[in-house]
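> I'd like to ask some things about the structure below.
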Amino acid sequence: MLLHNLTEAECENFRHGCNFTGEERAIFDLRVKGKSRVEIAASMAISIATTDRRLRGIYEKVNRAKESGF
């Protein structure tokens, strides 16, 4: 799933229903805006590996929410 293809309503549902940490929410918002993992890492002053780890967690939470009919 490409996060930047979500509608604003879907983004809001995921923001409120996925129990994102503060950092996950910030990364989610940047990814929704179409930022690359390298751009996210640079803007948040974190490593690309940390960005990738957070993105995996975000995608897992989003996929679980979708599977449960959220």
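> Using Cα positions and a limit of under 20 Å, work out the aspartates and glutamates in reach of residue 66, with same-chain residues fewer than 8 apart set aside.
Excluding near neighbours in sequence, the set is 8, 10, 12, 24, 29.
> Another one. Could you work out the percent of alpha carbon pairs in segment 12-53 separated by over 12 Å, rounded to a whole number?
57 percent
> So what are the ³J(HN,Hα) numbers for segment 19-29, from phi and the Karplus equation (6.51, -1.76, 1.60; θ = phi - 60°), rounded to whole Hz, Gly and Pro as x?
6, 5, 6, x, 5, 4, 5, 5, 5, 4, 4
> Let me ask something else about it. Taking all protein chains as present, what is the carbon and sulfur share of the accessible area of the chain, in % to the nearest whole number, probe 1.4 Å?
50 percent
> How big is the equivalent ellipsoid of the chain along its three axes, where each semi-axis is √(5λ) from the Cα gyration tensor, reported in whole Å from largest to smallest?
Those come to 20, 12, 10 Å.
> Shifting gears a bit: Going by alpha carbons, how many degrees (0 to 90, nearest 10) lie between the helix axis of 48-67 and the longest principal axis of the chain?
So the inclination is approximately 0 degrees.
> Here's a follow-up. Provide the per residue accessible area, probe 1.4 Å, for the chain, rounded to a whole number of square angstrom.
That works out to 61 Å² per residue.
> According to a simple spin-label model (label point 7 Å from Cα along Cα-to-Cβ), what is the distance in nm between residue 39 and residue 8?
Between residue 8 and residue 39, the label points sit 2.0 nm apart.
> Oh, and also: Using a 10 angstrom cutoff on alpha carbons, build the Gaussian network for the chain and name the most mobile of 41, 26, 49.
Between 41, 26, 49, it is 49 that shows the largest mean-square fluctuation.
The values are calculated or read from the model by the stated rules, or taken from the named source; none is laboratory data. Note that the structure is a prediction, hence the values are computed from the model and not measured. Reconstructed Cβ throughout: ideal geometry from the backbone, glycine too, with neighbour counts over all protein chains shown. Note: areas computed on protein heavy atoms with side chains; ligands, DNA, RNA excluded. Shrake-Rupley method; radii C 1.70, N 1.55, O 1.52, S 1.80 Å.
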